[in-house]
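Notes to accompany the following structure.
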Amino acid sequence: MRRVIFNQKGGVGKSSITCNLAAISAERGLRTLVVDLDVQGNTSLYLGVDVHSSDDDLPEASIAHLLRRSASSWFSTQAPAMGFVRETPYERLDLLASSPLLDQIVTELELRYKIYKLREVLDELSDDYDRVFIDTPPCFNFYTKTALIAADRVLIPYDCDSFSQQALGQLLENTIDLKQDHNPKLEFEGVIVNQYNEQARLPRELVEQLRHGPLPVATTYLSASVKMKESHHRAKPLIYYAKRHKLTSQFVALFEELEKGMATPA
């Protein structure tokens, strides 16, 4: 099962949701891979890999180097994808890390029309992983498109903000167009309500409007909490950093909700 976490708006919690759902997946015994397609590398950093550091001892172990090597005639196409995967400090949780190279090779990939390469890479790795979580840039670009083509399901973080509500229409239109043209099996698994404050009226109103919209909405909401920032600072997903915290319990409930609905997605 391959899930892409996507929203064209930044700051909605894509990296946090990606890493915490993936960590719970691994903690539950599932072989789990995270793919970081955002050049900012926040997901990679959260899982212990600073792709912008000169101290990185595995700079070519990244999704960018894998895509370049698989797409260019200058490199051997026989290099196995698993050779670019990094282990994280957590059992059964692996990473195809981001890289600054993503910005440098995007034009080459677009010109060679390599939009299906990620799907081919994940097909190659399909026997090695039970779950794949793909983090995307906060825009509808080549890397987002290739992620949506490679995925089975799309999760949409929503941070209870009027701007997020306005962005959903364009997101829906873009994703439906791509689904029709490139990946008819892609399904909208649900909107994930993030940074939710049940005491405030506006978030309640926005979520109520959302639930009457065209997209399925997960019934588990994720609260705003400083514990998430602490988790980022420690580079430890919540299931490892604060297992009994309320927000951790919400992530666990969300993961279970998604897994339970796998047989009959909305």
Subject >> Residues located in region 87-124, provided they are at pLDDT 95 or above and aromatic (Phe, Trp, Tyr) >> reply: TYR90, TYR116
Subject >> Cβ-Cβ under 7 Å pairs, at least 6 apart or on other chains, region 144-169 side farther than 25 Å from LYS117 by Cβ, far side among the hydroxyl-bearing types (Ser, Thr, Tyr) and part of a helix (DSSP H, G or I) >> reply: TYR158/SER164
Original post:
Given the residues LEU202, LEU247, which is the only one that is more than 30 Å from PHE142 (Cβ to Cβ), touching a residue at least 24 places away in the same chain (Cβ under 8 Å), over 20 Å from the mean Cα position of the chain (by Cα) and part of a helix (DSSP H, G or I)?
Top reply: LEU202
Subject >> Filter result (in contact with a strand residue (DSSP E or B) (Cβ under 7 Å, 6 or more places away or on another chain), under 19 Å from LEU45 (Cβ atoms) and either at pLDDT below 95 or among the hydrophobic types (A, V, I, L, M, F, W, C) (or both)) within region 1-32 >> reply: ILE5, VAL12, GLY13, ILE17, CYS19, LEU21, ALA22, ALA23, ALA26
**OP:** State yes or no: is LEU30 surrounded by fewer than 21 Cβ atoms within 10 Å (Cβ to Cβ), under 17 Å from the mean Cα position of the chain (by Cα) and assigned to a loop (DSSP other than H, G, I, E, B)?
**Re:** yes
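Quick grid of which residues meet (1) without any contact (Cβ under 8 Å) to a residue 40 or more places away in the chain; (2) surrounded by fewer than 20 Cβ atoms within 10 Å (Cβ to Cβ); (3) more than 19 Å from the chain's Cα centre (by Cα):
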{"site": "LEU37", "(1), (2), (3)": "no, no, no"}
{"site": "GLN40", "(1), (2), (3)": "no, yes, no"}
{"site": "GLY48", "(1), (2), (3)": "no, yes, no"}
{"site": "ASP55", "(1), (2), (3)": "yes, yes, yes"}
{"site": "ALA64", "(1), (2), (3)": "no, no, no"}
{"site": "ALA71", "(1), (2), (3)": "no, yes, yes"}
{"site": "ALA79", "(1), (2), (3)": "yes, yes, yes"}
{"site": "PHE84", "(1), (2), (3)": "yes, no, no"}
Subject >> Single residue of PRO59, PRO89 found to be part of a loop (DSSP other than H, G, I, E, B) and either touching a strand residue (DSSP E or B) at 6+ places or on another chain (Cβ under 7 Å) or surrounded by 13 or more Cβ atoms within 10 Å (Cβ to Cβ) (or both) >> reply: PRO59
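A quick yes/no check of all residues on (1) at pLDDT 95 or above; (2) surrounded by 13 or more Cβ atoms within 10 Å (Cβ to Cβ); (3) farther than 16 Å from ARG3 by Cβ:
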position: SER126; (1), (2), (3): yes, no, no
position: ILE134; (1), (2), (3): yes, yes, no
position: PHE142; (1), (2), (3): yes, yes, yes
position: LEU148; (1), (2), (3): yes, yes, no
position: PHE163; (1), (2), (3): no, no, yes
position: ALA167; (1), (2), (3): no, yes, yes
position: LYS185; (1), (2), (3): yes, no, no
position: ASN197; (1), (2), (3): no, yes, yes
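The values are calculated or read from the model by the stated rules, or taken from the named source; none is laboratory data. Every value quoted in this text rests on a predicted model; they were computed, and no experiment measured them. Glycine also receives a Cβ, built like all others from the backbone with ideal geometry; neighbour counts cover every protein chain displayed.
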